[in-house]
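The values are calculated or read from the model by the stated rules, or taken from the named source; none is laboratory data. The shown structure was predicted, so the numbers you read here are calculated from the model rather than taken from an experiment. Note: ideal-geometry Cβ built from the backbone for every residue, glycine included; neighbour counts use all protein chains shown. The area values use the complete protein model at the heavy-atom level, side chains included, leaving out ligands, DNA and RNA. Shrake-Rupley method; radii C 1.70, N 1.55, O 1.52, S 1.80 Å.
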Amino acid sequence: MYSVLAYEYDLQLGGNDFDRLIRDDVIKEYKEEAEDKYGELSKRDIDKLLKKCEDAKIVLRALLEWDIVINDDIYWTYNLYLGHMNSLISDKIDESIRLCDEAIARAGLTVNDIDEIVLVGGSTRLLIVEEKLKRHFPQLVIRQTVNPDECVAVGAAKYAYALSPVSYTH
């Protein structure tokens, strides 16, 4: 059982940001390398590309590279390497760690008052997240002992309940 003593968040910061950063890089590369040959990407292609980038991010938890194909009519692929993906998302992870520092301070604690970090949220499954946390908090144990998706869902439900003007009783 864990107690929340403080929290910091950025509603605009999450796994979808990683997907958009990857997508934007794919589009940039496509424009430089293939747009003259295959034409401008359609809105539909760009919309579908976001899901393909999310899938690639997930696959790169186990592999070192993955090819992203925009559609079957475009004979151009974007090779996404783990190291490149990590460089694309690194600043967003650093922002998350900064928010952790703020939450610790807001709780009136120091890192020495904390025994472990419990990772929650789907993107915590990315190896770079754990690596950066270990570098930033070398004295803490990093745990992946809770289902990150369920934890986020339960936390969101509790937060919504706390904001609700209506009190529910059984």
In the set G83, G39, G15, which member is over 25 Å from C151 (Cβ atoms) and either surrounded by 12 or more Cβ atoms within 10 Å (Cβ to Cβ) or within 22 Å of the chain's Cα centre (by Cα) (or both)? G83
Considering (1) under 19 Å from L13 (Cα atoms); (2) at pLDDT below 80, say which one V166 fails and leave the rest. (1)
Pairs returned, first residue in the range 40-68 that is more than 24 Å from E131 (Cα to Cα), second residue that is open to solvent by 90 Å² or more (accessible area, probe 1.4 Å) and at pLDDT below 95, beta-carbon separation under 9 angstrom, 6 or more apart or interchain, are L50/N16
Starting from the range 113-131, take each residue that is open to solvent by 20 Å² or more (accessible area, probe 1.4 Å) and list its partners that are among the aromatic types (F, W, Y), counting only C-beta distances under 9 angstrom and pairs at least six apart or across chains. I114/F137; I117/F137; V118/Y2; S123/F18
